[in-house]
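For reference, the structure discussed in these notes is given below.
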Amino acid sequence: MPVAIDEAQENITKGMSIQRGCENDCIYCFARHATTRFASSFINKEQPWTEPVKIESLKKARAGQTTILFPFTHDITEINVNDCIDFVKMQIASETNVIIVTKARRSVTTKMCEALKEHRDQVMFRFTIGSMSNDTLIFWEPGAPSFEERIESIEIASEMGFDVSAGLTPYLDINEDDTVRLIEYLNGMDEINRHVWISKMNNPMPALSCAGRIDETTMSTARELAASQTREHILSLHDRVKHLPKVRYISNVSSIIFGDSSSC
């Protein structure tokens, strides 16, 4: 029998993917930079990141791996949703739980929920929403869905009986009030029955360069965001949301708040 999904383990499990590249074209994407810089010689580094290439040899999780994050370096779209469903079912068959992490599209969420509804005890969703502002989302994640569509996807998954988390991973608003407003909104959603995870953006400069986004407007905005996510600002944010019961932190924030590297 599979082990129940342990929320405390959500951020220390293995991440797995089925392709290289992603239609979301997030300009802060670490995976694009890592693939371009470090990938093996058999990968065509000239292939546009927004034209994904499927990984030919897909694997099951390692023996003893009870939970994986999926997908880890791309999203789920109309183009790859069937392959993603097949991959999740392969993991489920080997008694591995799957936390589906996505900047969700309404139609894709509906299709995945329908295909996986018999496996709700082994599948949960974490919907990534870094801002309530569509202008902000379009700037950082130009190919990803709107705020409203991501909220609708949360409602769809909850209505279908799945456990649901949300993630400001990372949070994208420079103004702390905007971030607090989003956290409070998500914390207040009955459809989110697990947690609201928060992380800051790791150094985006290498990713921005890799994405060809080195214009002054982008670089200036990235510097402003980094300046709004310093230790002082993160501690201030924590003071304003620590009373909210669903709030949890990814390691790059929890290490600042609690002085350790675990997620809590």
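Since every read-out is calculated from the coordinates, none of them should be taken as a lab result. Keep in mind the model is a prediction, meaning the values are calculated, not measured. Cβ: placed from backbone, ideal geometry, glycine included. Neighbour counts: every protein chain shown.
Okay, here's what the table says:
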| item | result |
| --- | --- |
| Relative contact order (percent, whole number), the chain, Cα cutoff 8 Å, 6+ residue spacing | 18 percent |
| Share, in percent, of DSSP beta bridges within the chain that are antiparallel, nearest 5 | 10 percent |
| Value of relative contact order over the range 198-264, rounded to a whole percent, pairs C-alpha under 8 Å and six or more apart | 35 percent |
| Filtered trypsin sites (Lys or Arg not before Pro), the range 190-245: DSSP coil and at most 13 other beta carbons within 10 Å | 242 |
| Loop trypsin sites (Lys or Arg not before Pro), the range 70-161, which have at most 14 other Cβ atoms in a 10 Å radius of their Cβ (DSSP) | 120 |
| Among 75, 178, 190, residue whose mean-square fluctuation peaks in a GNM of the chain (springs only between Cα atoms under 10 Å) | 190 |
| Under Karplus coefficients 6.51, -1.76 and 1.60, residue-wise ³J(HN,Hα) of the range 207-213 in Hz, glycine/proline x | 5, 4, 4, 5, 7, x, 9 |
| Amide proton proximity set for residue 163, modelled H, under 5 Å, gap of 5+ | 125 |
| Distant-in-sequence amide H partners of residue 55 (H built 1.01 Å from N, under 5 Å) | 19, 20 |
| With at most 10 other Cβ atoms within 10 Å, longest stretch of the chain clear of loop GluC sites (Glu not before Pro) (DSSP) | 57-264 |
| Sparse-neighbourhood loop sites, chymotrypsin sites (Phe, Trp or Tyr not before Pro) in the range 168-264 - DSSP loop, at most 14 other Cβ within 10 angstrom | none |
| Long pairs among 14/54; 14/242; 54/200; 103/246, criterion Cα-Cα beyond 22 Å | 14/242; 54/200 |
| Gain on full stretching of the segment that runs from residue 159 to residue 190 - 0.36 nm per residue minus C-alpha separation | 10.1 nm |
| Estimated translational D of the chain in µm²/s (Stokes, Kirkwood radius over Cα pairs; 4 °C; 1.567 mPa s) | 69 µm²/s |
| Chain lengthening between residue 56 and residue 135 when straightened (0.36 nm per residue, less Cα-Cα) | 24.8 nm |
